[in-house]
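The values are calculated or read from the model by the stated rules, or taken from the named source; none is laboratory data. Just so you know, these numbers come straight off a predicted model, no measurement behind them. In this analysis, Cβ positions are derived from the backbone assuming ideal geometry, glycine residues included, and neighbour counts consider all displayed protein chains. For the accessible areas, the whole protein counts, side chains as well, though only heavy atoms, and no ligand, DNA or RNA atoms are used. Shrake-Rupley method; radii C 1.70, N 1.55, O 1.52, S 1.80 Å.
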Amino acid sequence: MKKVLLSLLVLFVFSISVFAVVKTKRIAYLSEPSKIEKKLEKCLDKAVTSADMFNCTYRADEDFEDSVKVLYPKLLKKLEKKEADQLAKSQTAWENFVKENSEFHMVMNDRYNIPEVPRLSFYHSLVEMRKTRAYELSGLLFDIDDIKMNQEYYDE
């Protein structure tokens, strides 16, 4: 009975430590998008005018776009051909959506001469789209690495 309880205790402690390592690794993979998000929050907290807010949002949008441009090829390299082809289609569709959505807002702005606040809302929406994609690609990178690590462990 003591051996069984001791074995269960060891297994429990081991599973907690494995969970902590996985959680720490996942945080590391997601750290780049979250750094950009924190930087945006700090900038917006200091912003006084709508122009300040626009500048914060514009910089965050550029940072998230750069993040996606770095993460996408990293993930692409880790996938098998069929998966990589599907990701490429997905990325192209996503980029086209972002482009078309931006053009729609520009047409609306030109037609109705939309003031700054809705324009700021549009840029916030653009940031959210790119932030979501950056987190998605980061999460997929983590998942792929985690799966491969587990496969290697069980293949031994």
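When the range 70-84 is limited to residues that are open to solvent by less than 70 Å² (accessible area, probe 1.4 Å) and part of a helix (DSSP H, G or I), the one that is farthest from E41 (Cα to Cα) turns out to be A84.
A88 meets the conditions (1) surrounded by 11 or more Cβ atoms within 10 Å (Cβ to Cβ); (2) modelled with pLDDT under 95 in every case but one. The failed one is (2). Residues that are over 14 Å from the mean Cα position of the chain (by Cα) and of a type in the set (K, R) within the range 29-70 comprise K39, K42, K46, R59, listed in sequence order. Contact annotation: residue pairs with Cβ atoms under 8 Å, 6 or more positions apart or on different chains, pairing a residue in the range 46-69 that is over 11 Å from I36 (Cβ atoms) and open to solvent by less than 70 Å² (accessible area, probe 1.4 Å) with a partner that is part of a helix (DSSP H, G or I) and of a type in the set (D, E), are S50/E116; A51/E116; F54/E116.
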